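Trainee: Quick one: the structure is below, questions incoming.
Every number here is computed from the coordinates shown, using simple stated rules; none is lab data. For clarity, every value in this text was computed on a predicted model and none was experimentally measured. Because the Cβ atoms are built from the backbone with ideal geometry, glycine has one as well, and the counts that use them run over all protein chains shown.
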Amino acid sequence: MKVSVNWLKDYVDVSVPADELAHRLTMSGNEVEAVDSVGASWDNVLVGHVLTLEPHPDADRLRLATVELGGEQMTVVCGDPNVKVDDKIVFARVGAKLIDGHNGKARELKPAKIRGIASSGMICSEMELGISESHDGIIVLPADAPIGMPLADYMGDTVLDITVTPNRADCLSVLGVARETAALTGKTMSMPTVEYSELGDDINKSVSVQIDDADLCYRYCASLIKDVKIGPSPEWMQRRLIASGMRPISNIVDITNYVMLEYGQPLHAFDYNKLPGGKITVRRAKDEKLTTIDDVERKITSDMLVIADDSKAIALAGVMGGQSSEVSDNTTSILLECANFNRENVRRTSQAFKMRSEASLRFEKGLSPELALYTLRRATQLIVELAGGVAAKGIVDVYPGRADRLPISLTDVKVKQVLGIDIAQDEMVMVLATLGFGCKVKSKSELLVEVPYWRTDVSLPVDLIEEIARITGYDQIPTTLLSSEIPQNELHPMLTFKDRVRDILVGCGMQEIITYSLVGWQDLAKIGAPDPIGLINPLSTDQQYLRTSLRPSVMMKIADNEKHEPGLSIFEIGRTYLKRDQNLPDEREILCGSLAGQRTQRQWQLRPEHVDFYDAKGVLETLFDSLGVRVNFEACDDATLVSGRTAAIIVDKQVVGVVGQLDPHIAEQYDISSDPVYLFEIKMDKLLPLIRSMGEYSRIARFPGSTRDISLLLDIDVPSSKVQDIIEDTKLVSEVALFDVYTGDKLPSGKKTLAYSIVYQAPDRTLTDKEVNKVQDGMLKRLQKTLAAVLRQ
Amino acid sequence: MLDELNKIKDSATLELQGISDLKALDDWRVAYMGRKGKLTQVLRGLSDLPIDQRKAVGSAANDIKTLLEAELKGRQQAVKDAKLAGGLDAIDVTLPGRPVSLGRLHPTTQMVREICDAFSAMGFEVVEGPEVESDYYNFEALNIPKDHPARDMWDTIWINRDQTIPTLLRTHTSPMQVRVMEQRQPPVRVVVPGRCYRYEATDATHESVFFQIEGLAVDKGITFADLKGSLFEFAKRLFGAERKVRFRCDYFPFVEPGVDMSIDCFVCGGKGCRLCSNTGWIEILGAGMVHPNVLKGVGYDPEVYTGFAFGLGVERILMLKHGIDDIRHFYANDLRFLKQF
């Protein structure tokens, strides 16, 4: 809402500078986004009076104008053919900063010779003053403009651009902002004086209004003004409309807009002669059509409220008028509507047609039905005064929605309960009174507060408390720390778990990423991810579905980064969203990581080496080790990963995830050029319950262990994990390390050797060689029996 | 027997003089005093001697052992000293060290933790909630009925609109206020980090996906002054004790009174610059006292209980703290960006 300070001054004494007023409005809830000065740059620009106009000796289209500036006369070259002797115009002296029509930039006016005649100044158009983009001729000021007055004093203004919050319909008006200004600066505001003569016939002879659907229309007021002359509105009104961001159109339309801006209540003017019999019905639409004033034929449905004449809809209630009854240049009689409609209905209708008009924006925020009559009288007055009309006697006022509002009880206890401080009763009364609330003292500690009709947002004691706090200033309230009991905190296992996993992976040198949870259909389809949930209003096709897998997100980030990173090691912990019948989706936490490119950077002590499967697996082993979980890996298949280079991650016999080499065909589809790329994925919700909390500690071994190295010859396709399992399950074995794997010429084909270093240890004694030999022999026998492994000497 | 002992002593002493490295010294120790060492064996053989000799031989053997141990110690020290006397070869200490690969948390995660930690220290519990929400939790239970103009404050991405349970991507973390209160009785103190979504075209300052942190405290006797105190404390912890903090009136349907909290601009110190749009202040978060309708909706008696709530944008705070000019960096995940945090 753009508010002219000059306009505000009609109703309140603005006693503080505009910036200070803007600050106070902002702090109390009406945020001022900008303070624009109209005329701040108008130095050396004044009101002039054209005394004579002579032809230019050397140019047919130019004239020489002599201008009186109040004790001083100047003659300048003038190119506008419409300038007349005796016009009041805007004169710029040399040194004035004017807007250049060619590039829109400010330029200082210099003395010039035009076709041989010296010209020290110029007569200005709106564009040169930066008031509008229009170059249509020079500005002609009203005849009473004081000659020689600086233009900034005559028509300068300051405009406050206020972001009005959705609860404050009343502040979408000059009077509302004036009321706030008064309360914030300790002044009293006045209302417009509305007086006019009703010289016409009784309105009831010419107009009748019927409300069929009182649930959607709470009040309908109408006045009738005959013998109006359509023409431009006065210049002062146009200026205020422009300052408020509206375009002047004609006196009638401008008056309805002006009064809407002033009171915050929309109005609509019908051409009375186009309403058969002057009959107005307010009703739900039948399935019918209406061409609105923006020239669009609209199909209106039975849930929308319309204003109708005898036979058809003539306006969409609260949203936009219809063409058939629109005011035109030939209009002579106006039926002026000022009504109150159901806010939700106006909002739905305006949304259905994507028409957010100034009217609908006000109605949907909730206006008081009381406002309609005051507003209608003000607009009728202005039409009588400015468009030469004759008002009919009386006003039609159909008001089925009258409702009394009960006073609100405000106790000291409540104020203290919410704000934490005591506020004296007389102080509360004073603040509330400046805002128009009526206060009755019920007792020393209780007020009964009448809410003024325009404050549709106030209905509870806390609403009043906010009024008191915001006008007094939030900075007046002290700061205290929470002193109440600290609730018992529950630990949230998944949250803690996610943080733990992130920290471990970061410790393993991996970089965390956070990607969009919205992806395109193709992103998921390429890897055959489960069917995703779609959005009905996506921002783009790339973000049309909730992901059912993190793999595409991670792969896309490999592709984005591989060009500038020699090695990549990234992971994300995020949600996937799976469909669930009759319920919100199943949101599951997934860990997905990927390694690609070089393991080590090029460095004097290191040779650049490519990552391989065991890098990815090493990270996972460190992860599980750190989580205190025994993990197994078993070869498996996965559609995204290369067969034979993929392992299921198994904890407690349950598959919690997978690790493997990304299928190069799939990599290519995600524009990844690195090869190979390794990927792992863990279902965090499956893993979490398998994590044991830290158990009791075990004693550090007091007796030395005995270390034996063995080398086993076995078939090449026996998984090392099976050997390891047998060794680990052997009595007295406390540590096992695989320190060599060999395949090659020195062995029979199809064979390999695995070399283990094994520590045997007992908690209560030093083991003898004999004991160790016995245990190891038994183990070797089992290895031979189950895996055909032979001890290699 | 005593002769034999003396021979051992002499040969051991002699041998010791010739040894100049620590490994050989240990071998020497094993050869004489180890489990199968020469001196050890003599001592083991003591029991075979007649009683009258036992004492003398035993005592002599122990003296020799003490002597040899002392000499060994002296010799070890001499060897170590000799080694250090020659000095160690110099290396180029300016050569780069062997790299240890370093990972980092995403800056958003870091900031979420920093903020949650600040509130945990004030007794707030961290909880999470669903990102796909019903219209009820996202709007209605928060005092934002259907067709209310306040809905314009949250441009919404919908999953379905017209079915019995309209669902959407939560536009804020506030629905968790309701979910948490439905599940427990006061006192309540929680913070809720999480992803939120808005139907908003992405540009340098707008993202359709972002992280928010919600806070809620409800109990008997919680006041606006407590809200101010808690959030001022938080702002000073996050932005520095020298920052000025201010509360101004603002509107959110689920709080009353409503608050917008700002800090003085750390670029211009409040004089006015581009960052603060010449106001001298930077908006940090929205807050307020929990609206009685919200409390009533979850079965809390607003005459008995009061509370405050707040919500802040994580990326916005990161951008302010680090002077990041484009919000899109957070989801682009360019490692050249991420590695800076």
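Trainee: Per the Kirkwood definition applied to all pairs of different Cα atoms, how many angstroms is the hydrodynamic radius of the protein assembly as shown?
Mentor: Result for the protein assembly as shown, one decimal place: 37.5 Å.
Trainee: Classify the stretch B:107-338 as rounded, prolate or oblate, taking a ≥ b ≥ c as the square roots of the eigenvalues of its Cα gyration tensor: rounded when a/c is under 1.5, otherwise prolate if a/b is larger than b/c and oblate if not.
Mentor: It is oblate, given that a/c is not under 1.5 and a/b is not larger than b/c.
Trainee: Any idea what the dipole of the stretch A:45-155 comes to, in debye rounded to 20, about its Cα centre with Lys/Arg Cβ at +1 and Asp/Glu Cβ at -1?
Mentor: 400 debye
Trainee: With 21 Å as the limit, write out which pairs from A:Lys617/A:Lys653; A:Lys751/A:Lys785; A:Lys299/B:Lys146 have Cα-Cα distances beyond it, or answer none.
Mentor: A:Lys299/B:Lys146
Trainee: Cross-link list A:Lys9/A:Lys365; A:Lys686/A:Lys774; A:Lys2/A:Lys312; A:Lys2/B:Lys321: which exceed 31 angstrom alpha carbon to alpha carbon?
Mentor: From the list (A:Lys9/A:Lys365; A:Lys686/A:Lys774; A:Lys2/A:Lys312; A:Lys2/B:Lys321), the Cα-Cα distance tops 31 Å for A:Lys686/A:Lys774; A:Lys2/A:Lys312; A:Lys2/B:Lys321.
Trainee: So, R0 is 35 Å and r is the distance between the beta-carbons of A:Ala118 and A:Asp161; what FRET efficiency does that work out to, to 0.05?
Mentor: E between A:Ala118 and A:Asp161, to the nearest 0.05, is 0.25.
Trainee: Quickly rank A:219-228, A:15-24 as a protection proxy: mean count of other C-beta atoms within 10 Å, highest first.
Mentor: Packing order, densest peptide first, comes out as A:219-228, A:15-24.
Trainee: Rank by packing, highest mean first: peptides A:762-775, A:280-293, with packing defined as the count of other Cβ atoms within 10 Å averaged across residues.
Mentor: A:280-293, A:762-775
Trainee: List every residue whose amide H lies under 5 Å from the amide H of A:Ile211, counting only residues 5 or more places away in sequence or on a different chain, with H placed 1.01 Å from N in the peptide plane.
Mentor: A:Val282
Trainee: Moving on to the next point. Amide H neighbours of A:Met510 under 5 Å, at least 5 residues apart or on other chains, H built in the peptide plane: list them.
Mentor: The answer is B:Gly103.
Trainee: Please compute the net charge surrounding B:Asn160, taking Lys and Arg as +1 and Asp and Glu as -1 over other residues with Cβ under 13 Å from its Cβ.
Mentor: Result for the neighbourhood of B:Asn160: -1.
Trainee: Return the sequence-ordered ³J(HN,Hα) values of the stretch A:471-480 in whole Hz as given by the Karplus equation 6.51 cos²θ - 1.76 cosθ + 1.60 applied to θ = phi - 60°, using x for Gly and Pro.
Mentor: Using θ = phi - 60°, the values come out as 6, 5, x, 4, 6, 7, 8, x, 10, 10 Hz.
Trainee: Hey, another quick one. Which trypsin sites (Lys or Arg not before Pro) in the stretch A:703-745 pass both tests, a DSSP loop state and at most 12 other beta-carbon atoms within 10 Å?
Mentor: A:Lys731
Trainee: Apply the Karplus curve 6.51 cos²θ - 1.76 cosθ + 1.60, θ = phi - 60°, to the phi angles in the stretch B:284-289 and return the couplings in whole Hz, x for Gly and Pro.
Mentor: 10, 7, x, 7, x, 7
Trainee: Once R0 is set to 51 Å, what does the formula 1/(1 + (r/R0)^6) return for the Cβ-Cβ distance between A:Lys205 and A:Lys440, expressed as a FRET efficiency to the nearest 0.05?
Mentor: The computed FRET efficiency comes out at 0.70.
Trainee: Taking chain B as a whole, which cysteines find no other cysteine Cβ under 4.7 angstrom from their Cβ?
Mentor: Within chain B, the cysteines lacking a partner Cβ under 4.7 Å are B:Cys116, B:Cys196, B:Cys249.
Trainee: A:Asn537's amide H: which non-local residues (gap 5+, or another chain) put their own amide H closer than 5 Å, with H modeled 1.01 Å from N in plane and none for Pro or chain starts?
Mentor: The answer is B:Trp158.
Trainee: Rounded to the nearest 500, what is the 222 nm mean residue ellipticity of chain A from helices alone, with -39500 (n - 2.57) per DSSP H run of 4+ residues and division by all residues?
Mentor: -7500 deg cm²/dmol
Trainee: Can you work out ³J(HN,Hα) from phi for every residue in the stretch A:748-761, in order, using Karplus 6.51 cos²θ - 1.76 cosθ + 1.60 and θ = phi - 60°, giving whole Hz and x for Gly and Pro?
Mentor: Using θ = phi - 60°, the values come out as x, 5, x, 10, 9, 10, 10, 10, 10, 10, 10, 10, 9, 7 Hz.
Trainee: Another question, then. Counting other Cβ atoms within 10 Å, which GluC sites (Glu not before Pro) in the stretch B:256-341 have at most 13 and lie in a DSSP loop?
Mentor: Sites meeting the loop and neighbour criteria: B:Glu303.
Trainee: Shape of the stretch A:493-690 from its Cα gyration tensor (a ≥ b ≥ c, root eigenvalues): rounded if a/c is under 1.5, otherwise prolate when a/b > b/c, or oblate?
Mentor: oblate
Trainee: Taking every residue in B:143-153, how many Cβ atoms of other protein chains lie within 10 Å of its Cβ, on average?
Mentor: Other-chain Cβ atoms within 10 Å of each residue's Cβ, averaged: 5.
Trainee: If you don't mind, there's one more thing I want to ask. When A:Arg240, B:Arg336 are ordered from fewest to most other Cβ atoms inside 10 Å of their Cβ, what list results?
Mentor: B:Arg336, A:Arg240
Trainee: Still on this model: Can you tell me the dipole magnitude for the stretch A:493-690 around its Cα centre, using point charges on the Cβ only (Lys, Arg +1; Asp, Glu -1), in Debye to the nearest 20?
Mentor: The dipole of the stretch A:493-690 has a size of about 280 debye.
Trainee: Hey, rough spin-label estimate for A:Trp236 and A:Ser711, points 7 angstrom out along Cα→Cβ, what's it come to in nanometres?
Mentor: Distance between the two pseudo-spin positions: 11.0 nm.
Trainee: Now for a separate question. Mind pulling the angle between the C-alpha long axis of helix A:493-507 and the longest principal axis of chain A? Nearest 10 degrees, somewhere in 0 to 90.
Mentor: So the inclination is approximately 70 degrees.
Trainee: Also, I was wondering about something else. What FRET efficiency comes out for the pair B:His206/A:Asp671, r = Cβ-Cβ distance, R0 = 25 Å, nearest 0.05?
Mentor: 0.40
Trainee: GluC sites (Glu not before Pro), restricted to the stretch A:180-268: which are DSSP loop and have at most 10 other Cβ atoms within 10 Å?
Mentor: Loop-located and lightly packed - A:Glu195.
Trainee: Something else: Roughly how big is the protein assembly as shown's charge dipole about its Cα centre, with Cβ charges of +1 (Lys, Arg) and -1 (Asp, Glu), in debye to the nearest 20?
Mentor: Roughly 3640 debye, rounded to the nearest 20.
Trainee: Just subtract the alpha-carbon distance of A:Ile147 and A:Ile421 from 0.36 nm times their residue separation and send over the number in nm, one decimal.
Mentor: 92.9 nm
Trainee: Of B:Lys7/B:Lys73; A:Lys444/B:Lys236; A:Lys557/A:Lys722, which pairs sit farther than 29 Å apart, going by alpha carbon to alpha carbon?
Mentor: Too far apart for the 29 Å limit: A:Lys444/B:Lys236; A:Lys557/A:Lys722.
Trainee: Right, another one. Go ahead and estimate [θ] at 222 nm for chain B from helices alone: -39,500 (n - 2.57) per DSSP H run with n ≥ 4, summed, over the residue count, rounded to 500.
Mentor: Here the helix-only value at 222 nm equals -12500 deg cm²/dmol.
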